[in-house]
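Undergrad: First the structure, which I've put down as structure tokens, then a few questions once you've had a look.
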Amino acid sequence: MSLENTFVKTKILNDLADAIGVYGENSGVKNLLEQMDLNCGAIPEGPFEKVCDTSSPQEFVTLYAHIAEKRFAFAVTVLLKINPNFLEPVKTFLYNAGKDYAPENIPTKHHAFSVIDAFILDGLENENQKILVTDSESQLIWKNSADTHKIFWEKVNGSLENYYILQSEFINGLLSKSKFKFSKSDELFKIEFK
């Protein structure tokens, strides 16, 4: 995984967090985007080569990935503390956001896995390895060597379960034009036929 790929996934997560912030403000949560900036920091606009110092790109990508993770956790947690009913529209939004990125052709479960890996920020290089559990005709199951999201949800007193609910919605949106679906149960992640 290159630093530029990680940066692209970071920007996607940050854009999703900002969209949730806008939704919150439109739903009556005053200054949610400003609260996100103050509590989590912000990522500058622009491409990788413009916002990451070439003398230390790893440090910049790490910083921005942590900011994006925390912004997402913060936005969701604030919304759900105000009203737990916000979960359903946020799930719908994330599914549709995934659909916007959905490739036209995902012929195999291994290709579906690579699509997920291309869009989901799941830690930095060497922070998390995906460990294959099952690779059968009908399904691909893996687990992660580390949970890179937990720390950010704990920092904002949020529920990590909400992250995985919303991640599943986004991924199923990504796979919406394919014959595959994604699910998570306990520590296991699964791709199987619909």
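The values are calculated or read from the model by the stated rules, or taken from the named source; none is laboratory data. In this text the structure is predicted, and so the values were computed from the model without any measurement. Don't worry about glycine lacking a Cβ; one is built from the backbone with ideal geometry, like all the others, and counts go over all protein chains shown. Calculation scope for accessible area: heavy atoms of the full protein, side chains included, ligands and nucleic acids excluded. Shrake-Rupley method; radii C 1.70, N 1.55, O 1.52, S 1.80 Å.
Undergrad: Restricting the search to region 1-26, which residues are of a type in the set (Gly, Ala, Ser), buried (at least 17 other Cβ atoms within 10 Å of the Cβ) and under 14 Å from the mean Cα position of the chain (by Cα)?
TA: Ala17
Undergrad: Modelled with pLDDT under 95, of a type outside the set (D, E, K, R) and open to solvent by less than 40 Å² (accessible area, probe 1.4 Å): which single residue out of Leu124, Leu140 fits that description?
TA: Exactly one of Leu124, Leu140 is modelled with pLDDT under 95, of a type outside the set (D, E, K, R) and open to solvent by less than 40 Å² (accessible area, probe 1.4 Å), namely Leu124.
Undergrad: Need the failing condition index for Ile106 against (1) part of a helix (DSSP H, G or I); (2) open to solvent by less than 30 Å² (accessible area, probe 1.4 Å); (3) of a type outside the set (Ser, Thr, Tyr), just the number.
TA: Evaluating Ile106 over (1) part of a helix (DSSP H, G or I); (2) open to solvent by less than 30 Å² (accessible area, probe 1.4 Å); (3) of a type outside the set (Ser, Thr, Tyr) leaves (1) as the failure.
Undergrad: Quick one: Asn96 ticks every box in (1) part of a loop (DSSP other than H, G, I, E, B); (2) touching a residue at least 24 places away in the same chain (Cβ under 8 Å); (3) open to solvent by 30 Å² or more (accessible area, probe 1.4 Å) except a single one, so which number is it?
TA: (1)
Undergrad: Can you work out which of the residues in region 182-194 that are within 18 Å of Pro107 (Cβ to Cβ) and outside any loop (DSSP other than H, G, I, E, B) is most open to solvent (accessible area, probe 1.4 Å)?
TA: It comes out as Phe193.
Undergrad: Quick one: would you say Val90 is open to solvent by less than 40 Å² (accessible area, probe 1.4 Å) and in contact with a Pro (Cβ under 8 Å, 6 or more places away or on another chain)?
TA: Taking the combined requirement at face value, the residue does not satisfy it.
Undergrad: Find all pairs meeting these conditions: Cβ atoms under 6 angstrom apart; at least six residues apart or on different chains; first residue within region 56-77 and in contact (Cβ under 8 Å) with a residue 12 or more places away in the chain; second residue assigned to a helix (DSSP H, G or I) and β-branched (Val, Ile, Thr).
TA: Val61/Thr6; Tyr64/Thr10; Ala65/Thr10; Ala68/Thr10; Ala75/Ile20
Undergrad: Among the residues of region 143-181, which ones are part of a helix (DSSP H, G or I) and either surrounded by fewer than 18 Cβ atoms within 10 Å (Cβ to Cβ) or modelled with pLDDT under 95 (or both)?
TA: Matches in region 143-181: Lys150, Ile151, Glu154, Lys155, Leu160, Glu161, Tyr164, Ile165.
Undergrad: In this structure, does Lys130 turn out to be open to solvent by 60 Å² or more (accessible area, probe 1.4 Å) and farther than 19 Å from Ala102 by Cα?
TA: Yes: the conditions hold for Lys130.
Undergrad: Could you run through region 109-142 and say how many residues are assigned to a loop (DSSP other than H, G, I, E, B) and under 24 Å from Thr62 (Cα atoms)?
TA: Adding up the residues that qualify gives 10.
Undergrad: Also, quick follow-up: Restricting the search to region 27-50, which residues are open to solvent by less than 80 Å² (accessible area, probe 1.4 Å), without any contact (Cβ under 8 Å) to a residue 12 or more places away in the chain and assigned to a loop (DSSP other than H, G, I, E, B)?
TA: Selection gives Gly28, Pro44, Gly46, Pro47.
Undergrad: Out of curiosity, is Asp135 closer than 12 Å to Ile191 by Cα and exposed (fewer than 15 other Cβ atoms within 10 Å of the Cβ)?
TA: It is true that Asp135 is closer than 12 Å to Ile191 by Cα and exposed (fewer than 15 other Cβ atoms within 10 Å of the Cβ).
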